[in-house]
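Inspection log for the structure reproduced underneath, given as structure tokens.
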Amino acid sequence: KQWYQRRVRGNTMQPTSSVLFICLCAFLVSVQCTPSRVLVWMCLEICGDTPQQINAEIQQITDNPIITAVSFEKYTLEKGGLFADFSQTYNLTAVNKLLPPHVQRFPMLSSYPHPPEFIDYMVSLFQNPMPFIQSAISEAVSNNYTGYNVDFEPTGNATELEAQQYAQFLQLFASEMHKFGKLVTVDVASWSQIWNFTLLGKTDVDRVISMDTYASSFTYFSNSITKLVLDIPLQKVGVDLDCADNNYTVADLKERFQLIDKFQIDEIDIWRAPVPDLFWQVLRL
């Protein structure tokens, strides 16, 4: 994610997406927690993870069935709007077959390494989307993916027209993927005009994941969730927590999960593996 300045990435983030609040029931005591989903992103070698670290992350996911889904670096959009596997370019570990059977698999469609002309790649995609979509479906079927996490974060200026075209593309992509029983999720934020929340909320994408909630400020976190649920159907909302860049305390986590529960949001997405000790200390209370 451009967010590699935010998710490593980190302008706001430090991958994607999820949902740790399930087991916070014991911690929140008076709050009645609802069943939820937890997605964890794996940034792999792109974030400098070593093979030993990646093996440890896979073991953590295997040992903790509360993690229901994983999104990992694998694919990108190239010049001309073409689908591309960049795993060999960056020597990425092939984690798909190493993950435990209980987790859903959502490889990322990433904009890394965020070339300034990425918005031009997107415009080419909008003009001729089917070659990209057909390649993505072929890979999803061949590798038994659950679906894709679309994480296009153009650094160049986007227009209102391009935001409309992006929503139209996602509608087409989701409808074509659904024919094969595959899902589409998309990461969104308010720092670029490419994301029109209202239009995206009307598409058939299966999950709209807010990157605005990576914010360290609880006020901004709260405002971001409030905006999200106004524009996106509740059953499609995903809330990101950045456990890589934010030094959360137990109190920080408590107030965030209380707000998530208040809005009855059923998915939290964690950037990124490994999930830090503090989260597990809270989850295991």
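Along segment 145-151 the Karplus relation, 6.51 cos²θ - 1.76 cosθ + 1.60 evaluated at θ = phi - 60°, assigns HN-Hα couplings of 6, 6, x, 10, 10, 7, 10 Hz to successive residues, with x for each Gly and Pro. Placing Thr93, Thr219 in order of accessible area, with the largest value first and a 1.4 Å probe, yields Thr219, Thr93.
Per-residue Karplus couplings for segment 153-170, computed as 6.51 cos²θ - 1.76 cosθ + 1.60 with θ equal to phi - 60°, are listed in order as 10, x, 7, x, 5, 10, 9, 4, 4, 5, 5, 5, 5, 5, 4, 5, 4, 5 Hz, Gly and Pro entered as x. For segment 146-197, the solvent-accessible area with a 1.4 angstrom probe is 36 square angstrom per residue. The dipole here belongs to the chain: it is taken about the Cα centre, uses +1 on the Cβ of Lys and Arg and -1 on the Cβ of Asp and Glu, and is about 460 debye. For a quick check of your reading of the filter: which trypsin sites (Lys or Arg not before Pro) in segment 93-181 sit in a DSSP loop and have no more than 10 other Cβ atoms within 10 Å? In loop regions of segment 93-181 (DSSP not H, G, I, E or B), the sparsely surrounded trypsin sites (Lys or Arg not before Pro) are Lys97, Lys179. Taking packing as the residue-averaged number of other Cβ atoms within 10 angstrom, the listed peptides 259-268, 133-142, 106-115, 193-202 run from highest to lowest as 106-115, 259-268, 193-202, 133-142.
Value of Rg to Rh for the chain, rounded to two decimals, is 0.94; Kirkwood radius and Rg both from alpha-carbon coordinates. Starting from the Kirkwood radius over alpha-carbon pairs of segment 102-196, derive D by Stokes-Einstein at 20 °C in a medium of 1.002 mPa s and give it in µm² s⁻¹. Estimated via Stokes-Einstein, D reaches 156 µm²/s. When each of the peptides 47-57, 167-177 is scored by how many other beta carbons lie within 10 Å of its residues on average, the order from highest to lowest is 167-177, 47-57. For segment 158-285, what number of Lys pairs, 8 or more residues apart or on separate chains, have alpha-carbon atoms under 23 Å from each other? Number of lysine pairs found: 12.
Quantify how much of the Cα-Cα distance distribution of segment 129-285 extends past 25 Å, in percent. Numbers along the way, then the final one.
Numbers: 4351 of 12246 pairs.
Pairs farther apart than 25 Å: 36 percent.
The values are calculated or read from the model by the stated rules, or taken from the named source; none is laboratory data. Just so you know, these numbers come straight off a predicted model, no measurement behind them. Neighbour counts are summed over all protein chains in view; Cβ atoms, including those assigned to glycine, are modelled from backbone coordinates with ideal geometry. Keep in mind that these areas ignore ligands, DNA and RNA; they rest on the heavy atoms of the full protein, side chains included. Shrake-Rupley method; radii C 1.70, N 1.55, O 1.52, S 1.80 Å.
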